[in-house]
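First comes the structure, then the notes that go with it.
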Amino acid sequence: MKRLNERLEKRPCQIGLESRCCKNCLMGPCILINKDDVGACGANADVVSARNIVRFTAAGASNHTGHAEHILQFTKKKFPEKYIDKKAPKYLLKLWKQLGILPSVKHEHFKEISEAFHATSFGVNADYQDLLKTAVKLGIIDGYLGLYLATELEDKLYGKPKVREGVLDLGVIRDDKINIAVHGHEPMFAEEIVKEAKKHKNINVVGVCCTGASLLAKHGVPLAANVILQENVIATGMVEIMAVDAQCVMPSLVDICECYHTRLITTNSIAKISGATHMPVTDRESANIVAKKIIKLAIENRKKRKRTSFSAKKEKVIVGFDERIADSLHKQLKEKKIKGIIAVIGCRNPRVTEDWISVYRKLSKDYAILTTGCMAFELGKAGMLDGRRVFHVGSCINNARIAEIFKRIADKEKKEITDLPFIISAPAPLSEKCVAIGFFFAALGTDVHFGYPMMIKTNSNVENFLANVLKKHFKSRIFFERDPKLFYKKIVE
Ligand code: NFS
(Lines give C-alpha, C1' and ligand atoms only; values in the text may rest on other atoms or scores of the structure.)
Protein backbone atom coordinates (compact mmCIF):
# COMPACT_ATOMS: atom_id res chain seq x y z
CA MET A 1 0.00 0.00 0.00
CA LYS A 2 1.32 3.41 -0.98
CA ARG A 3 1.48 5.94 1.85
CA LEU A 4 -0.11 9.37 1.68
CA ASN A 5 2.92 11.24 0.36
CA GLU A 6 3.34 8.68 -2.43
CA ARG A 7 -0.33 8.82 -3.34
CA LEU A 8 -0.07 12.58 -3.57
CA GLU A 9 2.40 12.23 -6.43
CA LYS A 10 -0.65 11.84 -8.63
CA ARG A 11 -1.47 15.50 -9.28
CA PRO A 12 -5.04 16.72 -8.79
CA CYS A 13 -7.14 17.19 -11.93
CA GLN A 14 -6.72 20.82 -12.92
CA ILE A 15 -10.20 21.09 -14.40
CA GLY A 16 -11.87 19.77 -11.26
CA LEU A 17 -9.63 21.90 -9.10
CA GLU A 18 -10.87 24.99 -10.86
CA SER A 19 -14.45 23.78 -10.71
CA ARG A 20 -14.87 23.61 -14.49
CA CYS A 21 -16.27 20.09 -14.44
CA CYS A 22 -19.94 19.17 -14.13
CA LYS A 23 -21.12 15.65 -13.49
CA ASN A 24 -24.66 16.35 -12.35
CA CYS A 25 -26.24 14.54 -15.31
CA LEU A 26 -25.51 11.67 -17.67
CA MET A 27 -25.11 13.80 -20.81
CA GLY A 28 -21.81 14.69 -19.18
CA PRO A 29 -19.47 14.78 -17.41
CA CYS A 30 -18.84 18.09 -19.18
CA ILE A 31 -15.61 19.95 -18.94
CA LEU A 32 -15.56 23.64 -19.67
CA ILE A 33 -12.17 24.58 -21.02
CA ASN A 34 -12.54 27.89 -22.80
CA LYS A 35 -14.13 30.95 -21.29
CA ASP A 36 -17.38 30.69 -23.25
CA ASP A 37 -17.78 26.92 -23.11
CA VAL A 38 -21.07 25.55 -21.84
CA GLY A 39 -22.13 22.06 -20.78
CA ALA A 40 -24.44 19.79 -22.79
CA CYS A 41 -27.44 21.38 -21.04
CA GLY A 42 -26.18 24.89 -21.73
CA ALA A 43 -24.93 25.64 -18.20
CA ASN A 44 -22.07 28.11 -18.31
CA ALA A 45 -18.97 28.16 -16.14
CA ASP A 46 -20.58 30.38 -13.49
CA VAL A 47 -23.51 28.02 -13.03
CA VAL A 48 -21.31 24.91 -13.00
CA SER A 49 -18.97 26.45 -10.47
CA ALA A 50 -21.75 27.79 -8.22
CA ARG A 51 -23.51 24.41 -8.27
CA ASN A 52 -20.29 22.70 -7.25
CA ILE A 53 -19.78 25.16 -4.40
CA VAL A 54 -23.34 24.62 -3.15
CA ARG A 55 -22.94 20.83 -3.21
CA PHE A 56 -19.61 21.10 -1.40
CA THR A 57 -21.16 23.34 1.25
CA ALA A 58 -24.22 21.11 1.59
CA ALA A 59 -22.01 18.08 2.20
CA GLY A 60 -20.03 20.00 4.78
CA ALA A 61 -23.19 21.12 6.54
CA SER A 62 -24.51 17.56 6.50
CA ASN A 63 -21.40 16.44 8.40
CA HIS A 64 -21.79 19.01 11.15
CA THR A 65 -25.56 18.79 11.49
CA GLY A 66 -25.26 15.00 11.34
CA HIS A 67 -22.74 15.19 14.17
CA ALA A 68 -25.24 17.11 16.33
CA GLU A 69 -28.06 14.77 15.30
CA HIS A 70 -25.99 11.73 16.29
CA ILE A 71 -25.45 13.16 19.78
CA LEU A 72 -29.20 13.72 20.08
CA GLN A 73 -29.82 10.11 19.05
CA PHE A 74 -27.09 8.91 21.42
CA THR A 75 -28.73 10.68 24.36
CA LYS A 76 -32.29 10.04 23.13
CA LYS A 77 -33.04 13.77 23.10
CA LYS A 78 -35.31 15.77 20.80
CA PHE A 79 -34.24 18.28 18.19
CA PRO A 80 -34.51 21.78 19.74
CA GLU A 81 -37.06 24.23 18.35
CA LYS A 82 -36.18 27.62 16.87
CA TYR A 83 -32.50 27.09 17.68
CA ILE A 84 -31.15 29.65 15.21
CA ASP A 85 -33.55 32.34 16.46
CA LYS A 86 -32.20 31.81 19.95
CA LYS A 87 -28.52 31.86 19.04
CA ALA A 88 -27.95 34.33 16.20
CA PRO A 89 -27.45 38.08 16.66
CA LYS A 90 -30.84 39.82 16.25
CA TYR A 91 -29.65 42.24 13.57
CA LEU A 92 -28.43 39.32 11.46
CA LEU A 93 -31.69 37.41 11.86
CA LYS A 94 -33.40 40.43 10.36
CA LEU A 95 -30.98 40.62 7.44
CA TRP A 96 -31.11 36.88 6.75
CA LYS A 97 -34.91 37.03 6.77
CA GLN A 98 -34.84 39.93 4.32
CA LEU A 99 -32.55 38.01 1.98
CA GLY A 100 -34.71 34.92 2.28
CA ILE A 101 -31.91 32.75 3.62
CA LEU A 102 -33.02 32.24 7.20
CA PRO A 103 -33.56 28.47 7.52
CA SER A 104 -37.01 28.08 9.03
CA VAL A 105 -38.41 24.57 8.79
CA LYS A 106 -38.39 22.29 11.79
CA HIS A 107 -35.61 19.74 11.63
CA GLU A 108 -34.45 22.20 9.04
CA HIS A 109 -31.03 20.84 8.25
CA PHE A 110 -32.31 17.77 6.52
CA LYS A 111 -34.85 19.71 4.54
CA GLU A 112 -32.52 22.52 3.48
CA ILE A 113 -29.63 20.24 2.67
CA SER A 114 -31.83 18.05 0.53
CA GLU A 115 -33.23 21.22 -1.07
CA ALA A 116 -29.69 22.27 -1.96
CA PHE A 117 -29.12 19.00 -3.80
CA HIS A 118 -32.44 19.47 -5.54
CA ALA A 119 -31.61 23.04 -6.61
CA THR A 120 -28.25 21.95 -8.04
CA SER A 121 -29.59 19.00 -10.03
CA PHE A 122 -29.90 18.88 -13.80
CA GLY A 123 -32.28 21.54 -15.02
CA VAL A 124 -33.19 23.22 -11.76
CA ASN A 125 -31.40 26.39 -10.60
CA ALA A 126 -29.27 28.14 -13.22
CA ASP A 127 -28.83 31.52 -11.53
CA TYR A 128 -25.32 31.51 -10.11
CA GLN A 129 -25.98 34.42 -7.77
CA ASP A 130 -29.05 32.75 -6.32
CA LEU A 131 -27.11 29.49 -5.98
CA LEU A 132 -24.34 31.21 -4.06
CA LYS A 133 -26.94 32.73 -1.78
CA THR A 134 -27.98 29.16 -1.02
CA ALA A 135 -24.38 28.44 -0.05
CA VAL A 136 -24.58 31.24 2.53
CA LYS A 137 -27.84 29.80 3.85
CA LEU A 138 -26.16 26.41 4.17
CA GLY A 139 -23.36 28.16 6.06
CA ILE A 140 -25.92 29.44 8.58
CA ILE A 141 -27.31 25.93 8.98
CA ASP A 142 -23.82 24.55 9.36
CA GLY A 143 -22.95 27.17 11.97
CA TYR A 144 -25.98 26.92 14.22
CA LEU A 145 -27.45 23.47 13.72
CA GLY A 146 -23.98 21.95 13.36
CA LEU A 147 -21.20 23.80 15.15
CA TYR A 148 -23.24 25.55 17.86
CA LEU A 149 -25.62 22.73 18.64
CA ALA A 150 -22.95 20.01 18.72
CA THR A 151 -20.65 22.16 20.88
CA GLU A 152 -23.47 22.89 23.32
CA LEU A 153 -24.56 19.24 23.53
CA GLU A 154 -20.99 18.04 24.05
CA ASP A 155 -20.42 20.65 26.76
CA LYS A 156 -23.55 19.47 28.55
CA LEU A 157 -22.59 15.82 28.27
CA TYR A 158 -18.87 15.98 28.97
CA GLY A 159 -18.29 19.35 30.62
CA LYS A 160 -16.67 22.52 29.36
CA PRO A 161 -12.97 22.57 28.57
CA LYS A 162 -10.47 23.66 31.23
CA VAL A 163 -7.32 25.66 30.61
CA ARG A 164 -4.49 23.22 31.18
CA GLU A 165 -1.22 21.90 29.91
CA GLY A 166 -1.36 19.18 27.27
CA VAL A 167 0.96 17.29 24.95
CA LEU A 168 0.74 16.64 21.23
CA ASP A 169 2.45 15.00 18.28
CA LEU A 170 3.39 11.39 17.53
CA GLY A 171 5.73 11.24 20.54
CA VAL A 172 2.70 10.83 22.84
CA ILE A 173 2.51 7.20 21.68
CA ARG A 174 4.41 5.20 24.31
CA ASP A 175 6.45 2.05 23.93
CA ASP A 176 5.95 1.14 27.61
CA LYS A 177 2.15 1.21 27.42
CA ILE A 178 -0.73 -0.40 25.58
CA ASN A 179 -1.78 2.24 23.04
CA ILE A 180 -5.33 2.83 21.86
CA ALA A 181 -5.87 5.62 19.32
CA VAL A 182 -9.31 7.20 18.93
CA HIS A 183 -9.96 9.00 15.67
CA GLY A 184 -12.82 10.88 14.03
CA HIS A 185 -15.16 13.64 15.16
CA GLU A 186 -18.11 12.52 17.24
CA PRO A 187 -16.50 11.89 20.62
CA MET A 188 -19.26 9.89 22.33
CA PHE A 189 -17.43 6.58 22.08
CA ALA A 190 -13.98 8.06 22.69
CA GLU A 191 -15.24 9.72 25.89
CA GLU A 192 -16.36 6.32 27.13
CA ILE A 193 -13.05 4.63 26.40
CA VAL A 194 -11.16 7.43 28.18
CA LYS A 195 -13.32 6.78 31.25
CA GLU A 196 -12.85 3.00 31.09
CA ALA A 197 -9.10 3.24 30.47
CA LYS A 198 -8.67 5.04 33.78
CA LYS A 199 -9.43 1.72 35.49
CA HIS A 200 -6.28 0.24 33.93
CA LYS A 201 -2.75 1.36 34.75
CA ASN A 202 -1.24 0.34 31.45
CA ILE A 203 -3.49 1.88 28.84
CA ASN A 204 -2.47 5.00 26.96
CA VAL A 205 -5.37 6.53 25.04
CA VAL A 206 -4.29 9.04 22.38
CA GLY A 207 -6.42 11.13 20.05
CA VAL A 208 -6.38 11.79 16.32
CA CYS A 209 -8.11 14.61 14.38
CA CYS A 210 -11.08 16.36 15.99
CA THR A 211 -12.17 13.59 18.35
CA GLY A 212 -8.62 13.95 19.63
CA ALA A 213 -8.76 17.75 19.75
CA SER A 214 -11.98 17.56 21.75
CA LEU A 215 -10.51 15.07 24.27
CA LEU A 216 -7.39 17.20 24.61
CA ALA A 217 -9.40 20.36 25.30
CA LYS A 218 -11.83 18.75 27.72
CA HIS A 219 -9.65 16.23 29.58
CA GLY A 220 -6.03 16.78 28.59
CA VAL A 221 -5.85 13.45 26.67
CA PRO A 222 -2.65 13.52 24.55
CA LEU A 223 -3.21 14.27 20.87
CA ALA A 224 -1.12 12.09 18.56
CA ALA A 225 -1.93 13.42 15.12
CA ASN A 226 -3.97 15.58 12.82
CA VAL A 227 -5.48 14.50 9.54
CA ILE A 228 -2.26 14.11 7.57
CA LEU A 229 -0.50 12.08 10.27
CA GLN A 230 -3.25 9.50 10.78
CA GLU A 231 -1.38 6.80 8.84
CA ASN A 232 1.81 7.54 10.73
CA VAL A 233 0.04 6.73 14.00
CA ILE A 234 -0.31 3.13 12.83
CA ALA A 235 3.12 3.11 11.18
CA THR A 236 4.74 3.65 14.59
CA GLY A 237 4.04 -0.08 15.04
CA MET A 238 3.08 0.74 18.62
CA VAL A 239 -0.68 1.07 18.43
CA GLU A 240 -2.75 -1.95 19.44
CA ILE A 241 -6.10 -0.55 18.34
CA MET A 242 -7.33 2.38 16.36
CA ALA A 243 -11.03 2.98 17.00
CA VAL A 244 -12.75 5.43 14.69
CA ASP A 245 -16.13 7.15 14.64
CA ALA A 246 -16.85 9.38 11.61
CA GLN A 247 -15.33 11.95 9.22
CA CYS A 248 -11.76 12.49 8.00
CA VAL A 249 -10.91 8.80 8.46
CA MET A 250 -8.90 7.65 5.44
CA PRO A 251 -9.86 4.28 3.92
CA SER A 252 -6.12 3.64 3.53
CA LEU A 253 -5.91 2.85 7.25
CA VAL A 254 -7.08 -0.73 6.63
CA ASP A 255 -4.14 -1.41 4.33
CA ILE A 256 -1.65 0.27 6.62
CA CYS A 257 -2.95 -1.85 9.51
CA GLU A 258 -2.16 -4.98 7.50
CA CYS A 259 1.55 -4.15 7.71
CA TYR A 260 1.41 -3.99 11.51
CA HIS A 261 -0.42 -5.66 14.37
CA THR A 262 -2.87 -2.75 14.73
CA ARG A 263 -6.59 -3.51 14.54
CA LEU A 264 -8.96 -1.01 13.06
CA ILE A 265 -12.41 -0.81 14.68
CA THR A 266 -15.28 1.24 13.27
CA THR A 267 -18.11 2.28 15.60
CA ASN A 268 -20.47 4.50 13.61
CA SER A 269 -23.12 2.85 11.45
CA ILE A 270 -22.67 5.38 8.63
CA ALA A 271 -18.88 5.05 8.60
CA LYS A 272 -18.02 1.41 8.08
CA ILE A 273 -14.81 0.48 6.26
CA SER A 274 -14.47 -2.87 4.56
CA GLY A 275 -11.63 -4.80 6.12
CA ALA A 276 -12.13 -3.21 9.53
CA THR A 277 -14.11 -4.73 12.41
CA HIS A 278 -17.41 -2.99 13.07
CA MET A 279 -18.63 -2.64 16.66
CA PRO A 280 -21.79 -0.51 16.63
CA VAL A 281 -22.12 2.25 19.19
CA THR A 282 -25.60 3.77 19.37
CA ASP A 283 -26.07 4.88 22.96
CA ARG A 284 -24.29 5.06 26.30
CA GLU A 285 -24.85 1.43 27.10
CA SER A 286 -23.39 0.13 23.84
CA ALA A 287 -20.56 2.67 24.10
CA ASN A 288 -19.60 1.25 27.47
CA ILE A 289 -19.80 -2.37 26.32
CA VAL A 290 -17.69 -1.67 23.23
CA ALA A 291 -15.15 0.34 25.25
CA LYS A 292 -14.64 -2.60 27.61
CA LYS A 293 -14.37 -5.00 24.69
CA ILE A 294 -11.79 -2.86 22.92
CA ILE A 295 -9.63 -2.52 26.01
CA LYS A 296 -9.64 -6.29 26.38
CA LEU A 297 -8.75 -6.70 22.72
CA ALA A 298 -5.94 -4.17 23.01
CA ILE A 299 -4.43 -6.01 25.98
CA GLU A 300 -4.46 -9.26 23.98
CA ASN A 301 -3.17 -7.60 20.83
CA ARG A 302 -0.20 -6.11 22.69
CA LYS A 303 1.42 -9.56 22.55
CA LYS A 304 1.60 -9.32 18.77
CA ARG A 305 3.54 -6.05 18.75
CA LYS A 306 6.87 -6.58 16.96
CA ARG A 307 8.64 -3.29 17.41
CA THR A 308 10.18 -2.92 20.86
CA SER A 309 11.12 0.72 21.21
CA PHE A 310 9.78 3.98 19.89
CA SER A 311 10.37 7.63 20.42
CA ALA A 312 9.31 10.72 18.51
CA LYS A 313 8.90 14.44 19.03
CA LYS A 314 6.17 15.80 21.25
CA GLU A 315 5.32 19.33 22.23
CA LYS A 316 3.87 20.85 25.40
CA VAL A 317 0.86 23.06 24.75
CA ILE A 318 -1.67 25.10 26.67
CA VAL A 319 -5.23 24.16 25.70
CA GLY A 320 -8.83 24.35 26.91
CA PHE A 321 -9.96 27.88 26.03
CA ASP A 322 -13.57 28.64 25.17
CA GLU A 323 -16.01 31.50 24.68
CA ARG A 324 -15.37 32.67 28.23
CA ILE A 325 -12.16 34.38 27.06
CA ALA A 326 -14.29 36.94 25.18
CA ASP A 327 -14.07 39.39 28.12
CA SER A 328 -10.31 39.33 28.35
CA LEU A 329 -9.88 39.61 24.58
CA HIS A 330 -12.29 42.53 24.57
CA LYS A 331 -10.23 44.22 27.27
CA GLN A 332 -7.02 43.70 25.30
CA LEU A 333 -8.65 45.18 22.22
CA LYS A 334 -9.89 48.19 24.17
CA GLU A 335 -6.48 48.77 25.72
CA LYS A 336 -4.94 48.36 22.26
CA LYS A 337 -2.79 45.48 23.47
CA ILE A 338 -3.94 43.62 20.36
CA LYS A 339 -4.89 45.02 16.99
CA GLY A 340 -7.48 42.35 16.31
CA ILE A 341 -8.29 38.64 16.33
CA ILE A 342 -7.24 36.16 13.65
CA ALA A 343 -8.91 32.77 13.78
CA VAL A 344 -6.63 30.19 12.19
CA ILE A 345 -8.91 27.28 11.49
CA GLY A 346 -9.57 24.26 9.34
CA CYS A 347 -7.70 21.41 7.81
CA ARG A 348 -4.12 20.72 6.97
CA ASN A 349 -4.13 19.90 3.27
CA PRO A 350 -0.84 18.27 2.22
CA ARG A 351 -1.17 19.96 -1.18
CA VAL A 352 -0.39 23.21 0.59
CA THR A 353 3.36 23.49 1.01
CA GLU A 354 3.67 27.21 1.72
CA ASP A 355 5.01 28.26 5.10
CA TRP A 356 2.00 29.67 6.91
CA ILE A 357 3.36 29.08 10.39
CA SER A 358 6.01 31.81 10.12
CA VAL A 359 3.42 34.33 9.02
CA TYR A 360 1.05 33.49 11.89
CA ARG A 361 4.00 33.65 14.28
CA LYS A 362 4.78 37.12 13.04
CA LEU A 363 1.13 38.20 13.20
CA SER A 364 0.77 36.87 16.76
CA LYS A 365 2.95 39.74 17.96
CA ASP A 366 0.13 42.18 17.21
CA TYR A 367 -2.96 39.98 17.03
CA ALA A 368 -4.57 37.37 19.26
CA ILE A 369 -4.86 34.06 17.42
CA LEU A 370 -7.70 31.64 18.10
CA THR A 371 -7.23 28.22 16.58
CA THR A 372 -9.10 24.93 16.14
CA GLY A 373 -8.94 21.58 14.34
CA CYS A 374 -5.95 20.43 12.33
CA MET A 375 -4.39 23.89 12.08
CA ALA A 376 -4.34 24.11 15.89
CA PHE A 377 -2.26 20.93 15.85
CA GLU A 378 0.17 22.55 13.40
CA LEU A 379 0.53 25.65 15.58
CA GLY A 380 1.05 23.36 18.58
CA LYS A 381 3.76 21.40 16.79
CA ALA A 382 5.49 24.68 16.06
CA GLY A 383 5.48 25.51 19.78
CA MET A 384 3.02 28.37 19.39
CA LEU A 385 0.16 27.19 21.65
CA ASP A 386 1.28 29.23 24.63
CA GLY A 387 -2.11 30.40 25.90
CA ARG A 388 -0.87 33.98 25.92
CA ARG A 389 -1.24 35.12 22.35
CA VAL A 390 -2.35 31.92 20.67
CA PHE A 391 -5.39 30.13 22.09
CA HIS A 392 -6.47 26.55 21.39
CA VAL A 393 -10.28 26.52 21.35
CA GLY A 394 -10.85 22.88 20.47
CA SER A 395 -12.18 20.86 17.54
CA CYS A 396 -13.71 22.18 14.31
CA ILE A 397 -17.20 21.91 15.79
CA ASN A 398 -15.88 24.32 18.41
CA ASN A 399 -15.54 27.02 15.76
CA ALA A 400 -18.89 27.89 17.36
CA ARG A 401 -16.82 29.19 20.27
CA ILE A 402 -15.01 31.56 17.91
CA ALA A 403 -18.33 32.80 16.52
CA GLU A 404 -19.58 33.26 20.07
CA ILE A 405 -16.45 35.19 21.09
CA PHE A 406 -16.98 37.51 18.10
CA LYS A 407 -20.63 37.95 19.03
CA ARG A 408 -19.91 38.68 22.69
CA ILE A 409 -17.21 41.25 21.91
CA ALA A 410 -19.49 42.93 19.36
CA ASP A 411 -22.29 43.04 21.98
CA LYS A 412 -19.99 44.68 24.50
CA GLU A 413 -18.95 47.24 21.94
CA LYS A 414 -22.57 47.73 20.84
CA LYS A 415 -21.34 47.17 17.29
CA GLU A 416 -21.91 44.64 14.55
CA ILE A 417 -19.43 41.77 14.20
CA THR A 418 -18.40 43.09 10.82
CA ASP A 419 -17.23 46.40 12.32
CA LEU A 420 -14.58 44.72 14.45
CA PRO A 421 -11.08 43.64 13.44
CA PHE A 422 -11.77 39.91 13.13
CA ILE A 423 -10.73 37.60 10.33
CA ILE A 424 -10.95 33.89 9.60
CA SER A 425 -7.94 32.27 7.95
CA ALA A 426 -8.12 28.70 6.65
CA PRO A 427 -4.80 28.28 4.85
CA ALA A 428 -5.15 24.63 3.90
CA PRO A 429 -8.77 23.50 3.44
CA LEU A 430 -9.23 19.85 2.57
CA SER A 431 -12.68 18.76 3.68
CA GLU A 432 -16.08 20.01 2.52
CA LYS A 433 -16.70 20.98 6.13
CA CYS A 434 -14.10 23.69 5.93
CA VAL A 435 -15.95 25.41 3.09
CA ALA A 436 -19.26 25.29 4.98
CA ILE A 437 -17.57 26.88 8.00
CA GLY A 438 -16.24 29.62 5.73
CA PHE A 439 -19.73 30.47 4.51
CA PHE A 440 -20.98 30.56 8.11
CA PHE A 441 -18.43 33.17 9.12
CA ALA A 442 -19.09 35.17 5.95
CA ALA A 443 -22.79 35.22 6.94
CA LEU A 444 -21.75 36.61 10.32
CA GLY A 445 -19.98 39.46 8.57
CA THR A 446 -16.39 38.24 9.04
CA ASP A 447 -13.92 38.19 6.16
CA VAL A 448 -12.82 34.66 5.32
CA HIS A 449 -9.51 33.70 3.79
CA PHE A 450 -8.83 30.40 2.03
CA GLY A 451 -5.26 29.51 1.10
CA TYR A 452 -5.86 26.75 -1.39
CA PRO A 453 -7.38 27.18 -4.85
CA MET A 454 -10.71 25.63 -4.41
CA MET A 455 -13.51 26.34 -6.77
CA ILE A 456 -13.47 30.03 -5.89
CA LYS A 457 -10.25 30.92 -7.66
CA THR A 458 -10.52 31.05 -11.38
CA ASN A 459 -14.09 31.75 -12.21
CA SER A 460 -14.23 35.50 -12.32
CA ASN A 461 -17.97 36.02 -11.80
CA VAL A 462 -18.13 33.61 -8.91
CA GLU A 463 -14.98 35.05 -7.43
CA ASN A 464 -16.44 38.51 -7.87
CA PHE A 465 -19.64 37.47 -6.08
CA LEU A 466 -17.72 36.08 -3.11
CA ALA A 467 -15.60 39.18 -2.90
CA ASN A 468 -18.03 41.97 -3.78
CA VAL A 469 -21.66 40.87 -3.74
CA LEU A 470 -21.20 39.35 -0.30
CA LYS A 471 -19.79 42.69 0.77
CA LYS A 472 -22.99 44.43 -0.19
CA HIS A 473 -25.26 42.27 1.96
CA PHE A 474 -23.05 40.84 4.69
CA LYS A 475 -20.20 43.36 4.70
CA SER A 476 -17.84 40.43 4.42
CA ARG A 477 -15.96 38.63 1.69
CA ILE A 478 -14.53 35.21 0.99
CA PHE A 479 -11.17 35.59 -0.66
CA PHE A 480 -8.37 33.43 -1.86
CA GLU A 481 -4.71 34.05 -1.16
CA ARG A 482 -2.16 31.33 -1.57
CA ASP A 483 0.92 33.40 -0.81
CA PRO A 484 1.50 33.78 2.97
CA LYS A 485 3.57 36.93 2.46
CA LEU A 486 0.84 38.64 0.45
CA PHE A 487 -1.70 37.55 3.06
CA TYR A 488 0.47 39.17 5.72
CA LYS A 489 0.58 42.36 3.72
CA LYS A 490 -3.20 42.36 3.29
CA ILE A 491 -3.72 41.94 7.05
CA VAL A 492 -1.24 44.58 8.06
CA GLU A 493 -2.64 47.05 5.59
NI1 NFS B 1 -12.00 19.93 10.54
FE2 NFS B 1 -11.64 17.79 11.92
FE3 NFS B 1 -8.94 18.20 10.16
FE4 NFS B 1 -10.28 19.36 8.39
FE5 NFS B 1 -10.85 16.97 9.12
S6 NFS B 1 -10.04 16.63 11.20
S7 NFS B 1 -13.48 18.77 11.49
S8 NFS B 1 -12.27 18.71 8.53
S9 NFS B 1 -9.14 17.61 8.15
S10 NFS B 1 -9.67 20.31 10.29
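The values are calculated or read from the model by the stated rules, or taken from the named source; none is laboratory data. Computed from a predicted model, the values in this text were never measured in an experiment. Backbone-built Cβ (ideal geometry, glycine too); neighbour counts: all protein chains shown. Note: areas computed on protein heavy atoms with side chains; ligands, DNA, RNA excluded. Shrake-Rupley method; radii C 1.70, N 1.55, O 1.52, S 1.80 Å.
Data table
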quantity	calculated
Mean Cβ count within 10 Å, highest first, over the residues of peptides 218-225, 57-64	57-64, 218-225
Shape of segment 165-304, Cα gyration tensor, a/c cut at 1.5	rounded
Accessible surface, 1.4 Å probe, highest first, among residues Asp283, Asp142, Asp419	Asp419, Asp283, Asp142
Check: segment 317-492 dipole with +1 on Lys, Arg Cβ and -1 on Asp, Glu Cβ, in debye	440 debye
Fraction of accessible area attributable to carbon and sulfur, the chain (%, probe 1.4 Å)	52 percent
Global geometry of segment 317-492, whether rounded, prolate or oblate, following the gyration tensor of its Cα atoms and the 1.5 cut on a/c	oblate
Point-to-point label distance, Asp127-Glu258, nm (Cα→Cβ direction, 7 Å offset)	5.2 nm
Spin-label pair Arg3/Ser328, simplified geometry with 7 Å Cα→Cβ offset, distance in nm	3.9 nm
Lysines whose Cα lies under 16 Å from that of Lys35, excluding same-chain neighbours fewer than 8 positions away	Lys457
Computed lengthening from Lys78 to Leu93, 0.36 nm per intervening residue step minus Cα-Cα distance	3.0 nm
Antiparallel DSSP beta bridges within the chain, as percent of all bridges there, nearest 5	15 percent
Residues Ser286 and Asn468, FRET efficiency given R0 of 45 Å [Cβ-Cβ distance, rounded to 0.05]	0.30
Accessible area (Å², per residue) of the chain, counting only protein heavy atoms and a probe of 1.4 Å	42 Å²
Mean Kyte hydropathy of -0.5 or more with a Cα span along the axis of at least 30 Å, helices from DSSP in the chain	45-74
The chain - mean residue ellipticity at 222 nm from DSSP helices (-39,500 (n - 2.57) per run, n ≥ 4, rounded to 500)	-12500 deg cm²/dmol
Length added when fully stretched, Cys41-Val163, from 0.36 nm per residue minus Cα-Cα	38.4 nm
Cα-projected label distance for Cys25 with Thr353, points at 7 Å along beta-carbon direction, nm	4.1 nm
Protein-only accessible surface order, largest first, of Met242, Met279 at 1.4 Å	Met279, Met242
D (Stokes-Einstein, µm²/s), Kirkwood Cα radius, the chain, 1.002 mPa s at 20 °C	93 µm²/s
